[in-house]
Amino acid sequence: MQTSRNKAQAGHHGAGDGMITLVVARDRNGAIGKDGGIPWHLPGDLKMFQRETTGGALIMGRHTWESLPAKPLNRRLNIVVTSRPDTAKLICETVGEAVRLAEAEGYFRIYGIGGAGIYRDMLPLADRLLVTEVETAVENADTFFPEFDEEEWQETTRATAAGDPGYAVRELIRKRGG
Ligand SMILES: NC(=O)c1ccc[n+]([C@@H]2O[C@H](COP(=O)([O-])OP(=O)(O)OC[C@H]3O[C@@H](n4cnc5c(N)ncnc54)[C@H](OP(=O)(O)O)[C@@H]3O)[C@@H](O)[C@H]2O)c1
């Protein structure tokens with residue numbers, strides 16, 4: 001098991017021993033959003049998100065927070081990264097600060113749940129990715145998951161699901177040296 005010291009040496013957050021997971025659903029081109037919303041409706045994937053993240057801490061950007069139909073997401077610590085103090089009960093100005101807050105609150109499972117700026121800044125800190133690959137190509141999408149090197153990650157599970165569109169949920173764990 002990695003210690004926080006090892007993580008820091010490896011260039012990771014090093015603030016504690018929390019497991020950082022990014023959860024994302026993207027299309028074939030990496031699109032995650034359009035016009036402030038998610039451009040597909042996949043109840044099975046939402047159920048997976050709910051089951052996976054319950055009891056954990058969520059870190060999200062202001063637009064994602066604003067797009068939630070019901071907030072906060074219950075039975076989870078909701079942290080919003082924003083420069084606007086009145087946005088939510090628990091806010092931070094940076095992703096690093098949000099991770100430290102989640103750890104200080106005693107959370108071990110910490111989830112980056114979007115959007116693009118959150119994924120970009122949390123990717124170097126992440127231990128694990130839960131990527132739903134949605135079998136579609138959204139026209140005029142405006143928000144994208146950052147590109148990443150698949151070679152740095154090991155796929156541990158891949159579960160395909162029927163849906164409209166169909167999709168596959170992949171779990172990727174960061175390869176560590178040694
Ligand atoms: N498919 C998926 O899995 C998925 C998941 C989440 C969201 N989405 C979609 O993605 C879109 C929203 O994403 P978005 O990229 O437009 O917005 P976002 O990341 O949710 O929110 C952007 C705002 O959050 C703050 N912020 C985000 N990252 C930051 C960082 N690293 N450091 C400091 N502040 C940061 C800033 O707030 P201030 O301006 O207040 O400073 C920024 O203006 C929507 O369409 C949503 O439905 C899709």
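The values are calculated or read from the model by the stated rules, or taken from the named source; none is laboratory data. Just so it is clear, the structure is predicted and the values come from calculations on it, not from any experiment. Cβ placement follows ideal geometry from the backbone for every residue including glycine, while neighbour counts extend to all protein chains displayed.
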*Which number in (1) near the ligand (Cβ under 10 Å from one of its atoms); (2) of a type outside the set (D, E, K, R); (3) under 19 Å from A31 (Cβ atoms) marks the one condition that Y167 misses?*
(1)
*asked:* Quick check on my filter: what residues within the stretch 159-178 are more than 16 Å from L42 (Cβ to Cβ) and modelled with pLDDT of 95 or more?
replied: E171, L172, I173, R174, K175
*Can G112 be described as under 17 Å from T53 (Cα atoms) and surrounded by fewer than 18 Cβ atoms within 10 Å (Cβ to Cβ)?*
no
_Residue selected from the stretch 141-169 under the condition among the charged types (D, E, K, R) and not in a loop (DSSP other than H, G, I, E, B), by the criterion nearest to L125 (Cα to Cα)_ = E152
*Tally time: how many residues in the stretch 25-39 are surrounded by fewer than 22 Cβ atoms within 10 Å (Cβ to Cβ) and hydrophobic (A, V, I, L, M, F, W, C)?*
1
*asked:* Within the stretch 22-112, considering only helices (runs of 4 or more DSSP H) that don't extend past its boundaries, which have at least 1 residues that are more than 9 Å from the ligand (Cβ to nearest atom)?
replied: 43-53, 95-104
*Looking at the stretch 118-140, which of its residues are in contact with a Pro (Cβ under 9 Å, 6 or more places away or on another chain) and either away from the ligand (no atom under 15 Å from the Cβ) or not in a loop (DSSP other than H, G, I, E, B) (or both)?*
Y119, R120, L123, V134
*With the checklist (1) crowded, with 19+ Cβ neighbours inside 10 Å; (2) under 26 Å from Q154 (Cβ atoms) in hand, flag the one item R120 doesn't pass.*
(1)
